[in-house]
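Scroll down for the structure; my scribbles are underneath it.
The values are calculated or read from the model by the stated rules, or taken from the named source; none is laboratory data. Quick caveat, the model's predicted, so the values are computed rather than measured. Here the Cβ positions follow ideal geometry from the backbone for every residue, glycine too, while neighbour counts run over all protein chains shown.
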Amino acid sequence: MSDVSQQALRRRTFAIISHPDAGKTTLTEKLLLFGGAIQMAGSVKGRKAARHATSDWMKLEQERGISVTSSVMQFPYDGRIVNLLDTPGHADFGEDTYRVLTAVDSALMVIDVAKGVEERTIKLMEVCRLRDTPIMTFINKLDREGKEPIELLDEVESVLGIQCAPVTWPIGMGKRLKGVVHLLTGEVHLYEQGRNFTRQDSTIFPSIDDPAFEARIGPKVLADLRDELELVQGASHPFELEKYLSGEQTPVFFGSAVNNFGVQLLLDFFVKHAPAPQPRATTTRDVDPTEDKLTGFVFKIQANMDPQHRDRVAFMRICSGKFTAGMKAFHVRTGKELKLANALTFMASDREIAETAYSGDVLGIHNHGTVSIGDSFSEGEPLIFTGIPNFAPELFRRARLRDPLKLKQLQKGLAQLSEEGATQFFRPLMSNDLILGAVGVLQFEVVAYRLKAEYGVDAIFEPVNVSTTRWIRCGNEKKLEEFRDKNASHLALDAADQLVYLAPTRVNLQLAQERAPDVEFLATREQA
Ligand code: G4P
């Protein structure tokens, strides 16, 4: 087998999806701990500090307690290379999350045992469903009282429409939590409280029939457990690898992330069964991860990741071949060769210069605005990866400066931040307004914060009479000119100088469309 194939097959690239507060960040930390990527101090404070140092780059997150950026964390485990793509939890950052989900091969769903399936989980699950992404489930916070495990499985099945195959099963919960039984190996892992935060090897019994186990938990608990397991095995589905891989079934684990309990069982199972990089569709053909030539697509852009250096990093998911430091790649949209100088890999603790990378890995490509979300790279073949969504903004605000002398910086900041894809920036033809469009309201706050922190600009965002946008295209120059003249008060240029119609109402948009039948009104920005 070629080096490229071998390396591709070792990769496991995934994201964690959950409703905010279910425990995604905590679980991420524990996974990194097992991967040896971080060493955790033995206190909550240390844990918090470590959390911000590892998965969050931005101060804002520390203040608001939300993940603003998606980061990538790579760690080795059990002979595999695991790439964990972090997704922001807050609803306003959905767009970013959706794109991250196009770059993974599987997902891990975290559910709070007391809350069950929540609204955000439902939405994220819908996105995974579009691509039949295989999903494992971790039911978290078993150290607290919550819903009955059987009830939770029912809820996942009926609300999310996916079959559940429990792989571990809890023995009690809350104060009564004794451990979990591994339903496939029969092993029992005891829960030992108070050994939080550090990697722990819990006491393991080979089966519930082990007399030492009975001695430990007592005959009454054991008898109840036997009854319950019989019930569970009768009422639930056995794990079937094929069904998991086709997205029809989710293996379910129980545990407590904060106590680092049940996490290793999940991780062991994950690296064994989660899919390696999968073939990816392009407009011309499917690309296999074991192909020798480098291909990939950009699913995320982030400006100013390092405030010391005004850098802009495009995150590229490698889909095939091998990247070696300093190599050139063909940037399909522009038709130009781009030197991938100083490309970054994302070890959990730091960003590092990549020497080599393979299918499933993510590279950070430094650039000055030439690379956009959705761009494809290859070694010369003009292939374009499909399925990277580009959402139209739904909310609009006008940026107003507190210090009018900072107009240049404001324009630059808005343009650069909008390249990340979470917001879009419009300059109306007939006024000096600067209008920002976003999918969620919190993004205006984020932009205001970042303008100040990264560009030294104090701006506020106020309401503006725009409800939707359409990108304008027209093959006939004369008709386009006519349209421009008639509609100038509603037209603007976006960050890429493309013409955009800013409609105050849906009715206005409809009328404009009816009056200009030769003009195309596109709901998303053109990629090419
Ligand atoms: P998120 O990224 O999904 O939003 O969740 P996060 O990990 O930040 O966890 C949300 C809260 O739930 C945190 O408490 C965290 O400590 C707690 N938590 C996570 N896993 C468990 C668990 O297994 N059991 C219990 N009881 N709690 C858990 P917090 O008070 O908001 O933050 P912190 O002060 O603990 O950091």
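Scanning the stretch 226-266 for residues that are in a loop (DSSP other than H, G, I, E, B) and within 16 Å of the ligand (Cβ to nearest atom), which turns out nearest to M173 (Cα to Cα)? Ranking the qualifying residues of the stretch 226-266, first place goes to G255. Being surrounded by 17 or more Cβ atoms within 10 Å (Cβ to Cβ), in contact (Cβ under 8 Å) with a residue 60 or more places away in the chain and acidic (D, E), is that true of even one residue in the stretch 462-470? No.
Looking across the stretch 20-47 at every residue that is within 14 Å of the ligand (Cβ to nearest atom) and assigned to a loop (DSSP other than H, G, I, E, B), the one that is modelled with the lowest pLDDT is identified as S43. When the strands (runs of 3 or more DSSP E) confined to the stretch 400-494 are screened for residues that are within 28 Å of V519 (Cβ to Cβ) and of a type in the set (G, A, S), those reaching at least 2 such residues are found at 435-438. Checked against (1) in contact with a strand residue (DSSP E or B) (Cβ under 6 Å, 6 or more places away or on another chain); (2) closer than 15 Å to R427 by Cβ; (3) at pLDDT below 95, A496 meets all criteria but (1). Scan the stretch 182-189 and give yes if some residue there is in contact with a Phe, Trp or Tyr (Cβ under 7 Å, 6 or more places away or on another chain), over 27 Å from V100 (Cβ atoms), within 16 Å of the ligand (Cβ to nearest atom) and not in a loop (DSSP other than H, G, I, E, B), otherwise no. No, every residue in the stretch 182-189 fails to be in contact with a Phe, Trp or Tyr (Cβ under 7 Å, 6 or more places away or on another chain), over 27 Å from V100 (Cβ atoms), within 16 Å of the ligand (Cβ to nearest atom) and not in a loop (DSSP other than H, G, I, E, B). Note on the stretch 206-225: residues that are part of a loop (DSSP other than H, G, I, E, B) and hydrophobic (A, V, I, L, M, F, W, C) amount to 1.
In summary, A276 fulfils each of the numbered conditions (1) modelled with pLDDT under 95; (2) in a loop (DSSP other than H, G, I, E, B) with the single exception of condition (1).
Among residues of the stretch 143-171 that are acidic (D, E), those with a Cβ under 8 angstrom from a residue that is more than 15 Å from the ligand (Cβ to nearest atom), sequence gap 6+ or separate chain, pair up as E157/Q163; E157/C164.
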